[in-house]
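Take a look at the structure set out below.
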C-alpha cells in the first residue's frame, strides 16, 4: 500500500508541470494535493457524494478509473471538483440569443464575462445583430454591425486574462446569408483583431446546393428589424424567433464567389471554420425542442442557447496489451467497464457543479448532456501496428468508437431506470431522432421502456492539455503531431522553461526495441494527406451524437483548388463541421517551440475548452 501511495505517475517533466500548474489544488502556499493521486481522490470523493449512502463505494470505483489516467475528465472537473470553490465544472457553454438592442448586447456581454470568470469557454451566434449601415428604428442611429460588437467581447476576454483568470476561449458564428458575412470572413486577417475568438460560418444545405449549381445567393435580415421597405421578402428560420419569419433580401451575390471568399480566408489565415448547420439540427437528439446555431469554442459541442456540456475522454493507451507484437490487442472489456463508470461519474458532475447563470443550470439539468470521447487513438493504432490513414486503421477506430457509444447509451438507459430520465425527455420524439434510430435495437427498446438519463453522450474533444498530463499521448482522434520536439511553457514563478517532449508510443517503441527503425505504421500529422485526416473524422462521426473537434493539417504548398475540395468532401461525407490549418503569417505554425503571441484556439495544446 505504501509503495502504491508513493508511486510517481509522471514519466515526463512536462506531465508533472501540467498537473502542478493547472490541476493541483492549492490555496496560495497551502498545498492540498500532495500527489496526483490526491487529485484523483479529491475528484472521486466530490462526485461520489451524489450517490448518497453508497458514496464510499462509488468513490472507490471512480478513483479506479481516474487512477493511472485511464479516464481523463475535462480540465474544469480536475481543477475544481472537491475544492469548495465557486467554479463551474463544465468546460464549455453556448450563451443565450443576443437581443438586437444595446441593452440586450451588454446583458449578453455581462453573462459571457460571468461565465468565463468561472472558467467556462463560450460560444455565440452573432447573426441576430443588424448589419452594419442599417438604420435603427427607435433612436435613428446607424447600426455598426456584429463585427464591431465582437471587438467588445474580445476586449472583455483580454481584460479577464489580465486579472489572472484562465485563458479565455470564445466561438463566434454567423449565418452564411447574413449581410455582413463578408466582413465576418475577413475579420481575423488582421493579426490584431479578435484574437480570443474562433470563427465559424453557419453553412446551410441550400448554400452548398447554390455553390454546386453556380446560382446567386441572397443576403437578408428579418424585415421587422429594418427601416427600409425595399427588397424582396422571403421566409426564413432565424435565431431567437419561433418558426420562419419574413426576411428582406438586402443584396445578392454569386454563391461560388462567397464560397471562394470563405475558402481563401481559411486557406490563407486558418479561419473561419465551417459548420454544416442543417445537418447539426437534423441529427440533434433534441430536434423536437432545440434550434442550434452555435457551438462551444472548439466545435465538438453544438448547443442551444445556454446549453452546457461537461467533457471527458477514455485514454485508450491504457488498455493495450503486448504492444508492437503479433499478439497486440486492446482490452475492450476493460474499455467498456471504464466507459460505464465514466458515464455515471460525468452524470454526477451535473449535480455537483456550480453554474455562472441560472439559465445554464436549467439547461444542464433539463438535458443532462455529457460529452464522452476517446483520446490516444493514434498512439493505439501505432501500438497495434495499424497505419492511421489505412482502411484497416479507420475501420478499427470506427469499431472502437461504436463500442464506446453503445456502452455509453446502455449505461445511460440503466441510469434512467435507477435515477430517472432527463427532464426534457419525450419518448416518441426522442426515438424519432436519426442518430437514435441508428442505435442497436436493444438500446432503442431500452429507451422506449425506461427512457434515458442523458440526452447526448458522445463528443470527441481536443485533449491537448490533459493528453500532456497523461504522459503526452496523442490528442483526441488527431494523428501524432511529431515524435519529439521542444515546448516552452510558463512556470508558476512567471519564468519560462524549455521541455523536451516525445510521443508516448514512439517512446515506448524505443524502450522495447532500442534504436530499431520505425515501422511504416509510424506516421505523423504532416506525413498524412488532408484526405487521410478527413477520412478518419468521417469514419467516427456516425458514432458521435454531438460532433468532433479535428484539425486537418494542410501543407503550406498545398494547391488552393485541391484545398477547396476538402470542405465539399466534408459535406458529402456527412460531417457536422470542418476545420483546417495551414501555416500562415498571422497565426504561425500549429505548434512552435516558443508559444506564439497570437495562438490559434485549436492549436495542439488546447485542452477541451
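The values are calculated or read from the model by the stated rules, or taken from the named source; none is laboratory data. Not measured: the values here are computed from a predicted model. Every residue, glycine as well, gets a Cβ built from its backbone with ideal geometry; the counts of neighbours run over all protein chains shown.
The set of residues in the stretch 484-528 that are in a loop (DSSP other than H, G, I, E, B) and surrounded by 15 or more Cβ atoms within 10 Å (Cβ to Cβ) comprises 503, 521, 522, 523, 528. In the stretch 75-84, the count of residues that are at pLDDT 95 or above, farther than 15 Å from residue 47 by Cβ and out of contact with any strand residue (DSSP E or B) (no Cβ under 7 Å at 6 or more places or on another chain) is zero.
Among the residues of the stretch 68-99, write down those that are surrounded by fewer than 18 Cβ atoms within 10 Å (Cβ to Cβ) and touching a residue at least 24 places away in the same chain (Cβ under 8 Å). 68, 83, 86, 99, listed by residue number.
The numbered conditions (1) outside any helix (DSSP H, G or I); (2) over 25 Å from the mean Cα position of the chain (by Cα) are all true for residue 425 except (2). When you look at residue 339, is it over 21 Å from the mean Cα position of the chain (by Cα), under 27 Å from residue 479 (Cα atoms), modelled with pLDDT of 95 or more and surrounded by 21 or more Cβ atoms within 10 Å (Cβ to Cβ), yes or no? So residue 339 fails the test.
Pairs meeting the criteria (first residue in the stretch 154-176 and under 23 Å from residue 186 (Cβ atoms), second residue at pLDDT below 85, beta carbons under 8 Å, at least 6 apart or on different chains) are 157/168; 158/168; 168/161; 169/601; 169/606; 169/609.
Within the stretch 356-409, the residues that satisfy the criterion of being crowded, with 23+ Cβ neighbours inside 10 Å and not in a helix (DSSP H, G or I) are 356, 368, 369, 370, 371, 372, 373, 374, 375, 376, 388. Listed by first and then second residue, the pairs with beta-carbon distance under 7 Å, at least 6 apart or on different chains, first residue in the stretch 533-550 and at negative phi and in contact (Cβ under 8 Å) with a residue 60 or more places away in the chain, second in a helix (DSSP H, G or I) and surrounded by fewer than 22 Cβ atoms within 10 Å (Cβ to Cβ), are 535/394; 536/394; 539/394; 539/398; 540/398; 543/398; 543/402; 545/435.
This table checks each residue for (1) surrounded by fewer than 18 Cβ atoms within 10 Å (Cβ to Cβ); (2) farther than 22 Å from residue 304 by Cα; (3) in contact with a helix residue (DSSP H, G or I) (Cβ under 7 Å, 6 or more places away or on another chain).
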residue: 182; (1), (2), (3): yes, yes, yes
residue: 211; (1), (2), (3): no, yes, yes
residue: 228; (1), (2), (3): yes, yes, no
residue: 246; (1), (2), (3): yes, yes, yes
residue: 253; (1), (2), (3): yes, yes, no
residue: 269; (1), (2), (3): no, yes, no
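Scanning the stretch 535-546 for residues that are out of contact with any strand residue (DSSP E or B) (no Cβ under 6 Å at 6 or more places or on another chain) and either part of a loop (DSSP other than H, G, I, E, B) or more than 20 Å from residue 295 (Cα to Cα) (or both) returns 535, 536, 539.
State yes or no: is residue 290 assigned to a loop (DSSP other than H, G, I, E, B), under 22 Å from residue 430 (Cα atoms) and touching a residue at least 24 places away in the same chain (Cβ under 8 Å)? The answer is no for residue 290.
Cβ separations smaller than 6 Å between residues 6+ apart or across chains give the following pairs from the stretch 384-400 residues that are on the phi < 0 side of the Ramachandran plot and in contact (Cβ under 8 Å) with a residue 40 or more places away in the chain to residues that are assigned to a helix (DSSP H, G or I) and surrounded by fewer than 17 Cβ atoms within 10 Å (Cβ to Cβ): 386/392.
Taking the stretch 90-102 as the search range and keeping residues that are within 17 Å of residue 361 (Cβ to Cβ) and not in a loop (DSSP other than H, G, I, E, B), which one is modelled with the lowest pLDDT? Here the residue is 92. Quick check on residue 105: is it assigned to a helix (DSSP H, G or I), crowded, with 16+ Cβ neighbours inside 10 Å and either in contact with a strand residue (DSSP E or B) (Cβ under 9 Å, 6 or more places away or on another chain) or in contact (Cβ under 8 Å) with a residue 60 or more places away in the chain (or both)? No. Against the list (1) part of a loop (DSSP other than H, G, I, E, B); (2) over 30 Å from residue 111 (Cα atoms), the condition residue 62 fails is (1).
Whether a residue is in contact (Cβ under 8 Å) with a residue 12 or more places away in the chain and within 21 Å of residue 280 (Cα to Cα) was assessed, and residue 208 passes this test.
Buried (at least 23 other Cβ atoms within 10 Å of the Cβ), touching a helix residue (DSSP H, G or I) at 6+ places or on another chain (Cβ under 9 Å) and either closer than 23 Å to residue 579 by Cβ or touching a residue at least 40 places away in the same chain (Cβ under 8 Å) (or both): is that true of residue 349 in this structure? The answer is yes for residue 349.
Could you list, in sequence order, the residues of the stretch 22-41 that are buried (at least 18 other Cβ atoms within 10 Å of the Cβ) and either closer than 22 Å to residue 120 by Cβ or modelled with pLDDT under 95 (or both)?
Passing the criteria: 23, 24, 25, 39.
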